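Novice: Here's a structure for you.
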Amino acid sequence: IERLFVPQSLAGKKVLITAGPTFEAIDPVRGITNRSSGKMGYALAHAAACAGANVTLISGPTALPIPFGVGRINVESAQEMLDACLKYSPESDVFIAVAAVADWRTADVATQKIKKQHTDDVPCLSFVQNPDILHTIAQQPNSPYCVGFAAETEHVIEFGQAKRLKKGIPLLIANNGPATFGADDNQVVLLDDSGLHELPKQNKAQLAHVLIAEISNRLTKKL
Ligand code: CTP
Ligand code: CA
């Protein structure tokens, strides 16, 4: 029903979205992850499908159901998420990176459960940096229109613009992370070449429709 009332601004377009956290194993029973419910990415996938797009959602572990009309691919680690994105990005018109990708993974994954010591000794983990999925996709030849998200804890606009330029993307949607983690509402600013555009605080589902309209506008104007 909802899709009958939404302008079909992405009809015929293919949209690739990452959502949720990634999970980086330490051993078979433990890992490190990021805070992300997946709500914003899933809401965007739903809104893009309502706007007529063919949507592929590459999702880290979340508790959310697959949005109606969306194709979901489940992944766990950042490397798996990158591999899936590289597979689908060549055919995509738009790439929206909403996932909270773990910046680091452990240098080695233990094949067996690491046992707690009876002394006070604790394991020493060493980390390596994960690939930057958004930057990698943005650098591909004929890359899709790339949109990033940034959850900052301070200097949202300044850090957001610097991040957008570093990633080489036309549009970045920034917010104050801890204020919205897991919440149903979100307040964001759009950062692009022309500066900033603040959107009112609203429900993530509503906001997703507004963001899809902003993205499809920019896509047609090639901003
Ligand atoms: N991102 C990504 N791959 C990564 C890290 C981030 O695709 N390895 C994407 C996120 O999905 C988001 C954007 O890049 O769209 C910004 O993520 P963020 O974590 O804010 O940026 P980082 O470059 O990792 O910077 P930092 O965490 O140091 O602020
Ligand atoms: Ca990061």
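The values are calculated or read from the model by the stated rules, or taken from the named source; none is laboratory data. Every value quoted in this text rests on a predicted model; they were computed, and no experiment measured them. We place every Cβ from the backbone using ideal geometry, glycine too, and count neighbours over all the protein chains shown. When the accessible area is computed, the model is the full protein with side chains, heavy atoms only, and any ligands, DNA or RNA have been set aside. Shrake-Rupley method; radii C 1.70, N 1.55, O 1.52, S 1.80 Å.
Novice: Failed condition for residue 174, given (1) modelled with pLDDT under 95; (2) assigned to a strand (DSSP E or B), with all others met?
Specialist: Result: residue 174 fails condition (1) only.
Novice: Taking only pairs six or more apart or across chains, which ones have beta-carbon atoms under 8 Å, a first residue in region 94-110 that is of a type in the set (Ser, Thr, Tyr), and a second residue that is more than 16 Å from ligand 2 (Cβ to nearest atom) and part of a loop (DSSP other than H, G, I, E, B)?
Specialist: The qualifying pairs are 106/125; 106/126.
Novice: Within region 193-223, work out how many residues are free of Cβ contacts under 8 Å to residues at least 24 places away in the same chain and open to solvent by less than 40 Å² (accessible area, probe 1.4 Å).
Specialist: Total meeting the criteria: 3.
Novice: Here's a follow-up. Do any strands (runs of 3 or more DSSP E) lying entirely in region 1-94 carry at least 2 residues that are under 29 Å from residue 187 (Cβ atoms), and which ones are they?
Specialist: 14-19, 30-33, 54-59, 70-74
Novice: Identify all residues within region 102-125 that are hydroxyl-bearing (Ser, Thr, Tyr) and open to solvent by less than 70 Å² (accessible area, probe 1.4 Å); write none if there are none.
Specialist: Residue satisfying the conditions is 106 alone.
Novice: While we're on this one: Go through (1) farther than 28 Å from residue 79 by Cβ; (2) within 16 Å of ligand 2 (Cβ to nearest atom); (3) not small (Gly, Ala, Ser) one by one and return the number of the condition residue 181 breaks.
Specialist: (1)
Novice: Another one. Go through region 101-131 and count every residue that is more than 21 Å from residue 28 (Cα to Cα) and within 16 Å of ligand 2 (Cβ to nearest atom).
Specialist: Number of matching residues: 1.
Novice: Next question, about the same structure. Residues being under 14 Å from the mean Cα position of the chain (by Cα) and surrounded by fewer than 22 Cβ atoms within 10 Å (Cβ to Cβ): count how many of those fall in region 90-101.
Specialist: Result for region 90-101: 0.
Novice: Any idea how many residues of region 22-51 are open to solvent by less than 10 Å² (accessible area, probe 1.4 Å) and either of a type in the set (Gly, Ala, Ser) or within 16 Å of ligand 2 (Cβ to nearest atom) (or both)?
Specialist: The qualifying residues number 9.
Novice: When only residues in region 88-122 that are farther than 19 Å from residue 169 by Cβ and polar (S, T, N, Q) count, which is farthest from ligand 1 (Cβ to nearest atom)?
Specialist: 119
Novice: Test of understanding: among 134, 172, 190, which residue is open to solvent by less than 10 Å² (accessible area, probe 1.4 Å) and within 14 Å of ligand 2 (Cβ to nearest atom)?
Specialist: Checking each option against the conditions leaves just 172.
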